[in-house]
1. Name the single residue that is surrounded by the fewest Cβ atoms within 10 Å (Cβ to Cβ) among those in the range 69-116 being of a type in the set (Gly, Ala, Ser) and assigned to a helix (DSSP H, G or I).
2. Please specify each residue of the range 103-128 satisfying the condition of being in contact with a Ser or Thr (Cβ under 9 Å, 6 or more places away or on another chain) and either free of Cβ contacts under 8 Å to residues at least 12 places away in the same chain or of a type in the set (A, V, I, L, M, F, W, C) (or both).
3. Of these, THR195, THR184, THR231, which one is touching a Phe, Trp or Tyr at 6+ places or on another chain (Cβ under 8 Å) and either aromatic (Phe, Trp, Tyr) or closer than 25 Å to LEU28 by Cβ (or both)?
4. Within the range 47-54, does at least one residue satisfy the condition of being surrounded by fewer than 20 Cβ atoms within 10 Å (Cβ to Cβ) and not acidic (Asp, Glu)?
5. Going by the conditions given, is VAL73 at pLDDT below 90, more than 24 Å from SER180 (Cα to Cα) and either in contact with a Phe, Trp or Tyr (Cβ under 8 Å, 6 or more places away or on another chain) or hydroxyl-bearing (Ser, Thr, Tyr) (or both)?
6. Whether any residue in the range 277-290 is of a type in the set (D, E, K, R), at pLDDT below 95 and assigned to a strand (DSSP E or B) is what I want to check.
7. If a residue must be of a type in the set (Gly, Ala, Ser), surrounded by fewer than 18 Cβ atoms within 10 Å (Cβ to Cβ) and under 30 Å from LEU21 (Cα atoms), how many such residues does the range 174-202 contain?
8. Got a number for residues in the range 162-218 being over 30 Å from HIS264 (Cα atoms) and touching a residue at least 12 places away in the same chain (Cβ under 8 Å)?
Amino acid sequence: MSERHHKPSHPLLVVGWNLLLITAGSVLCALAVNSLLIPHRFLSGGFTGLALILHYLFPALPNVAILYLILNVPVYILGWRMVGQRFLIYSLAGSVIFTLALEFVAWKFPVLDRIMVALLAGIITGLGSGLILRSLGSAGGIDILAVILVKRFSLRLGNTILAFNATILTASALLYSLESALFTLVFLYVASHITNLVVTGLSQRKAVVIVSSLWKEICQGVLNDIKRGATVIPARGAYSGQTERMIYTVISFQELGRLKSMVHRLDPNAFVVVSDTMEVMGQEIGNQPHW
């Protein structure tokens, strides 16, 4: 069964589900900023990082929440032209929710070691960002730019955010200290990997190539037991010169164990290659986010 069948289908449920994801993610990200980053004078990534820089340098300016909202205005213009109205509307709601969360969400963590603070902040921020990006919108800022790049160039979300944040690290090193920049780097690195895990890790697709003399039986197993499609590709052994058949299929990570067990039961000598995929487009097996 396709994973899409487990998602809400009624319009009101869809809106509610996406707002829930955005709200939960925004609360987590705001918690990391207010409870871990600001008390230890760390920077963050994207527009939150820019807002923190302005907050540290010019205390008389509006607070971090208002600065973040102001910085988002030009990005929404770009998002409207290059992403789409639905994504922009959800992202606008996300920016408002995140701004409110920055204003009100805080909790004192009993963590003093700065490396532990960086790791914990990265985990919380990565979880929050991943939840937001699993919705139909974002919390604005660098998220919108990252979605534009993943749509145009298939660049991973976390990697795009990490590359963009190089400017934040440079600013941290110049304005404060190299030590501060290194702590911020640890935070951003952890956050980017957790974001990738939440957005694509749990829906990772595996491309599988199977070479076996019992290809007909294995192919039927893929179709009937795994409930996935398959392509049979003619091939020839380089050493033996014999005609072979390769089965090519794409399955979810959760189905990989059942597929390997089925192949081993039918042909213990089958040659199997399993590869990760960047993204898969398709109604039944696709995992490309619908931004």
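1. So the first thing to find is which residues in the range 69-116 are of a type in the set (Gly, Ala, Ser), and the list is 79, 84, 91, 93-95, 101, 106.
Okay, now just the ones that are also assigned to a helix (DSSP H, G or I), so 79, 91, 93-95, 101.
Details: GLY79: 25, SER91: 30, ALA93: 21, GLY94: 30, SER95: 27, ALA101: 23.
In this case the residue turns out to be ALA93.
2. VAL105, ALA106, TRP107, PHE109, ALA118, ALA121, ILE124, LEU127
3. Values: THR195 fails: touching a Phe, Trp or Tyr at 6+ places or on another chain (Cβ under 8 Å); THR231 fails: either aromatic (Phe, Trp, Tyr) or closer than 25 Å to LEU28 by Cβ (or both).
Result of the check over THR195, THR184, THR231: THR184.
4. Here is the first cut: in the range 47-54, the ones surrounded by fewer than 20 Cβ atoms within 10 Å (Cβ to Cβ) are 53-54.
This time we only want the ones that are not acidic (Asp, Glu), so: 53-54.
Checking the range 47-54: at least one residue is surrounded by fewer than 20 Cβ atoms within 10 Å (Cβ to Cβ) and not acidic (Asp, Glu).
5. On the way: at pLDDT below 90: yes; more than 24 Å from SER180 (Cα to Cα): yes; either in contact with a Phe, Trp or Tyr (Cβ under 8 Å, 6 or more places away or on another chain) or hydroxyl-bearing (Ser, Thr, Tyr) (or both): no.
No: the conditions fail for VAL73.
6. Step one: list which residues in the range 277-290 are of a type in the set (D, E, K, R), which gives 279, 284.
Filter again for at pLDDT below 95, leaving 279, 284.
Right, trim to assigned to a strand (DSSP E or B) and you get none.
Looking through the range 277-290, none of the residues is of a type in the set (D, E, K, R), at pLDDT below 95 and assigned to a strand (DSSP E or B).
7. Step one: list which residues in the range 174-202 are of a type in the set (Gly, Ala, Ser), which gives 177, 180-181, 191-192, 201.
Subsequent filtering for residues that are surrounded by fewer than 18 Cβ atoms within 10 Å (Cβ to Cβ) retains 177, 201.
Narrowing further to those that are under 30 Å from LEU21 (Cα atoms): 201.
Looking only at that region, the number is 1.
8. At the first step, the residues of the range 162-218 found to be over 30 Å from HIS264 (Cα atoms) are 162-196, 198-199.
Okay, now just the ones that are also touching a residue at least 12 places away in the same chain (Cβ under 8 Å), so 162, 164-165, 168-169, 171-172, 175-176, 180-181, 183-196, 198-199.
Within the range 162-218, residues that are over 30 Å from HIS264 (Cα atoms) and touching a residue at least 12 places away in the same chain (Cβ under 8 Å) number 27.
The values are calculated or read from the model by the stated rules, or taken from the named source; none is laboratory data. Quick caveat: nothing in here was measured; it's all calculated off a predicted structure. With ideal geometry, Cβ positions are generated from the backbone for all residues, glycine too; neighbour counts draw on all protein chains shown.
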